[in-house]
Amino acid sequence: RVSSVRVNAAAAEENLGFKTMRAGIKEAADESILTPRFYTTDFDEMERMFSLEVNPNLNMAELEAMLAEFKQDYNQKHFVRNETFKDAADKITGDTRKIFIEFLERSCTAEFSGFLLYKELGRRLKTTNPVVAEIFTLMSRDEARHAGFLNKAMSDFNLALDLGFLTKNRKYTFFKPKYIIYATYLSEKIGYWRYISIYRHLQRNPDNQLYPLFEYFENWCQDENRHGDFFTACLKARPELVNDWQAKLWSRFFCLSVYITMYLNDHQRDAFYSSLGLNTTQFNQHVIIETNKSTARIFPEVPDCEAPIFFERMDKLVALNQKVIDIGKMEVPGAVKTLLRAPLIERMVAEIFQIFISTPMKSGSVDVEIEGETNNAQLVY
């Protein structure tokens, strides 16, 4: 019995307080508004979107060139591990070890979410548009490779996710096809800028390279970039997604949703970025500004992220969110927590609304006005 207690105590210490489904298999983190989600969509509408009969604007020459690029599979032999992974993981201890596991889990879940969505789209579009279907299938290949690599990295820390269990048991969020395109475009582009920024920082500061995973980010991020370029082609094929007032509102909405989610998430995990020698605020602001520049090439309007008031309001959201988190840790009844949180959440909503209604930057698709005469809307790429 004493031996059993010691084993359980050792396991609890090794798992750093994480709940496990069984030995070495971590329970997925609780879902919240800020956690990575699994998505589903109206697949029939998606088929119509990529049907040449319904949508003759599809540039098949461009899509076929993209398919040829995806078939090259430049990273086929890139994700090959070596003995340094486990050795490096064993040297990461305490709170730093815990935040590394959380980072790996969130990243793995996000990549696996992309795999599931793209795989199903590849299956459903085979008859309607074989070229687009194969692109989705090859993108799912990339996402599966990323998720598997991250999950294997988690096992270096003696924990991993049961991805099959997640597939069957995690809640799926429904998005209309056009929202899927906006959201996945931004997800891929912001993923590119996150990975390349971390990679470049660690190349300049090798002493902060605590774990070899980050050495793979230079080639890895090119997968994200190619995926984003494909969704750019999808947007160009559907002018209504980038050239009317609704498109402008949705563009700004999804930009802010992605930027705010990342900003709050990363500031909750400041210790992780500090362990890499990064300043969390500077890193996030750089990633958001660069993503916004990329997005401005196709979205009709984007937030003016370089206006001083933008990040002032974002920082206010971080402070308010931290107060909400602190209330959650208080040992008081749930009803009391709800009452204490309510005015803070109200203030957060007000700040977000102020950011949303602030003057945006006209971009990608613009209304051209010459000497008082308003021309028809023209797409500018």
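The values are calculated or read from the model by the stated rules, or taken from the named source; none is laboratory data. The shown structure was predicted, so the numbers you read here are calculated from the model rather than taken from an experiment. Cβ placement follows ideal geometry from the backbone for every residue including glycine, while neighbour counts extend to all protein chains displayed. Please note that ligands, DNA and RNA were not included when accessible areas were found on the heavy atoms of the full protein model with its side chains. Shrake-Rupley method; radii C 1.70, N 1.55, O 1.52, S 1.80 Å.
Determine one quarter of the surface area of the Cα convex hull of the range 264-353, which equals its mean projected area, and express it in nm² to one decimal. It would help to have the intermediate numbers written out before the result.
Values: hull surface 29.1 nm².
Seen from a random direction, the Cα hull of the range 264-353 projects 7.3 nm² on average.
How big, in percent, is the set of alpha carbon pairs in the range 106-224 lying more than 17 Å apart?
Cα-Cα pairs in the range 106-224 separated by more than 17 Å: 62 percent.
Whenever you get a sec, compute what percent of the accessible area on the chain sits on carbon and sulfur atoms (1.4 Å probe). Present the calculation step by step, with values, prior to reporting the outcome.
Values: 9900 of 18990 Å².
On the chain, the fraction of accessible area on carbon and sulfur atoms equals 52 percent.
What is the chain's relative contact order, in percent, from Cα pairs under 8 angstrom and six or more apart in sequence?
Once normalised by length, the contact order is 17 percent.
Largest first and in whole Å, what are the equivalent-ellipsoid semi-axes of the range 7-129 based on the Cα gyration tensor, each being the root of 5 times an eigenvalue?
Values: eigenvalues 336, 80, 24 Å².
That gives 41, 20, 11 Å for the three semi-axes.
So which helices of the chain fit the span-like rule, where a helix is a whole DSSP H run, its Cα atoms reach 24 Å or more along the axis, and its mean Kyte-Doolittle is at least -1.0?
Span-like helices here: 94-124, 130-156, 177-204, 217-237, 245-268, 308-328, 334-357.
Could you check how many percent of all C-alpha pairs in the chain are farther apart than 27 Å?
Values: 39304 of 72390 pairs.
The calculated P(r) of the chain puts 54 percent of pairs beyond 27 Å.
Taking the Cα centroid of the range 74-136 and of the range 51-71, what is the distance between the two, rounded to the nearest whole Å?
So the separation of the two Cα centres works out to 26 Å.
Which of 82, 219, 292 moves the most in a Gaussian network model of the chain with Cα springs under 10 Å?
82
Specify the inter-centroid distance of the range 324-364 and the range 179-217, based on alpha-carbon positions, in whole Å.
Measuring centre to centre over Cα atoms gives 28 Å.
Write down the accessible area per residue of the chain in Å², having rolled a 1.4 Å probe over the full set of protein chains.
Ligands and nucleic acids excluded, the figure is 50 Å² per residue.
Label residue 207 and residue 62 with points 7 Å out from Cα along Cα→Cβ: what is the distance between them in nm?
Label at residue 207, label at residue 62, 4.8 nm between them.
Compute the length gained on full extension between residue 33 and residue 81: take 0.36 nm times their separation in residues and subtract their Cα-Cα distance, giving the result in nm to one decimal.
Extending this stretch completely gives an extra 13.9 nm.
Select from 318, 80, 258 the residue whose mean-square fluctuation is largest in a Gaussian network model of the chain (Cα-Cα springs shorter than 10 Å).
Per the Cα network of the chain with a 10 Å cutoff, 80 tops the list.
Ranked highest first by average number of other Cβ atoms within 10 Å, how do 265-273, 123-131 line up?
Ranking, from highest mean packing down: 265-273, 123-131.
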